[in-house]
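K.L.:
Here it is: the structure, laid out below.
Readers should treat all values here as calculations from the given coordinates under stated rules, not as data from a laboratory. Treat the numbers as computed from the prediction; the structure is a model and nothing was measured. Every residue, glycine among them, receives a Cβ derived from its backbone with ideal geometry; neighbour counts consider all protein chains shown.
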Amino acid sequence: MPAPEVKTLPIIIVLLALCGLGPPSLVAAQSSATPGQTEEQGTVWVEEKTGALLPLNTEFVDENGAAVTLGELIDKPTILLPIYFYCPNSCPTNLANLALAINRMKMEIGDDYGVIALSFNHLETPENARTAKNNYVKLLYEGFPEEQWRFLTGTQENVAAVLDTIGFTFKPLGDGTFIHPSTLVTVAPDGTVIKYVYGTFIPGDVELALAEAAKGVPARSIKRLLNYCFNYDPDTNKWFFQGVKVGVLALFAGLAVFFLVRFIWRKGPDDPDQASSQHG
């Protein structure tokens with residue numbers, strides 16, 4: 001009995017569309033917003049602008065109250081992490097994950113790269129930055145060169161100049177918190193935006209992005225499948241249900257089993273090669 005024919009292309013297209021990876025016509029509806037758009041539906045929270053040049057003359061204040069420009073800090077491959085220091089949700093996770101990634105990477109901070117945490121809340125102060133830094137350097141290895149991870153605050157105009165350059169969008173809420181994406185950017189020594197890293201900042205992903213920043217060649221990011229489909233939901237400021245992730249994995253696993261069984265079925269008694277071997 002021949003196996004029933006299954007049209008697999010529609011299934012694949014649906015799965016890709018769920019992840020925002022389908023044909024342009026399917027993805028276009030998800031990408032119709034502009035970086036400054038404030039409507040929750042359809043907002044593009046990160047518009048990758050690899051190859052753009054950061055405004056290196058833009059001035060900020062570090063955690064010690066010293067005025068610095070980006071050009072003074074970016075003299076090697078650099079991680080730029082947009083956050084705000086009194087974030088109750090994803091920012092502490094982002095900072096902690098980045099600290100753990102620094103601990104595990106083979107590249108040496110200071111010699112090979114630097115790190116900048118930039119607050120997009122212009123109301124935060126150097127004191128806020130210092131408090132945040134003190135909390136997270138505790139997670140780093142003994143002897144960590146603290147001057148290589150700077151925590152910056154700045155004016156609304158200067159913050160906007162940087163965020164517009166990297167295509168990062170956030171939205172203030174009435175309670176003093178913000179809707180925002182979880183992403184970092186690696187930058188070449190000349191200030192060129194090289195690559196974006198999303199989600200939980202896995203050490204290998206961060207190190208690869210830094211290596212590409214050292215080369216100075218802009219690279220498109222490859223978002224991990226589950227993070228791309230069901231990562232942090234900025235519209236509700238909550239994480240999607242983990243059960244949905246499990247459901248997607250189960251769906252892919254089920255499809256894999258289905259096609260495996262279908263393949264074995266088609267290699268059954270009706271297969272000419274197998275039939276000839278049985279009667280030879």
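K.L.:
What's the FRET efficiency of Ala96 with Phe263 using the Cβ-Cβ distance as r and R₀ = 51 Å, to the nearest 0.05?
P.N.:
Working: r = 45 Å, r/R0 = 0.88.
FRET efficiency, Ala96 to Phe263: 0.70.
K.L.:
May I ask you to derive the relative contact order of the stretch 44-225, considering only C-alpha pairs under 8 Å and at least 6 residues apart, and to give it as an integer percent?
P.N.:
34 percent
K.L.:
Using the basic label-point model (7 angstrom from Cα toward the beta carbon), what is the Asp112 to Glu59 distance in nanometres?
P.N.:
Label at Asp112, label at Glu59, 3.5 nm between them.
K.L.:
Something else: Excluding Leu139 itself, calculate the net charge of residues whose Cβ lies under 14 Å from the Cβ of Leu139, where each Lys or Arg counts +1 and each Asp or Glu counts -1.
P.N.:
Net charge in that neighbourhood comes out at +1.
K.L.:
Another question about this same structure. Whole-Hz Karplus ³J(HN,Hα) for the stretch 206-218, in order, using 6.51 cos²θ - 1.76 cosθ + 1.60 and θ = phi - 60°, x for Gly and Pro?
P.N.:
Working through the residues one at a time gives 5, 5, 5, 5, 5, 4, 5, 5, 5, 6, x, 10, x Hz.
K.L.:
For the stretch 138-143, just list the computed ³J(HN,Hα) in residue order, Karplus coefficients 6.51, -1.76 and 1.60, θ = phi - 60°, integers in Hz, with x standing in for Gly and Pro.
P.N.:
5, 7, 8, 5, 5, x
K.L.:
Would you mind computing, in nm to one decimal, how far apart the modelled labels at Ala66 and Ala256 are, each placed 7 Å from Cα along Cα→Cβ?
P.N.:
Rounded to a tenth, the inter-label distance reads 5.1 nm.
K.L.:
What are the chymotrypsin sites (Phe, Trp or Tyr not before Pro) within the stretch 100-175 that DSSP puts in a loop, where the Cβ has at most 12 other Cβ atoms within 10 Å?
P.N.:
Passing both the DSSP loop test and the Cβ count: Tyr141.
K.L.:
Hey, with R₀ at 41 Å, roughly what FRET efficiency would Leu123 and Leu208 work out to, going by the Cβ-Cβ distance, to 0.05?
P.N.:
With R0 = 41 Å, the Cβ-Cβ based efficiency is 0.70.
K.L.:
I've got another one for you. Scan around Ile83 for amide H atoms under 5 Å from its own, H built in the peptide plane at 1.01 Å from N, and keep only partners 5 or more places away or cross-chain.
P.N.:
Leu118, Ser119, Phe120
K.L.:
Can I ask one more? Mind checking the full-extension length gain between Thr131 and Met105? Use 0.36 nm per residue of separation minus the Cα-Cα distance, one decimal, nm.
P.N.:
6.8 nm
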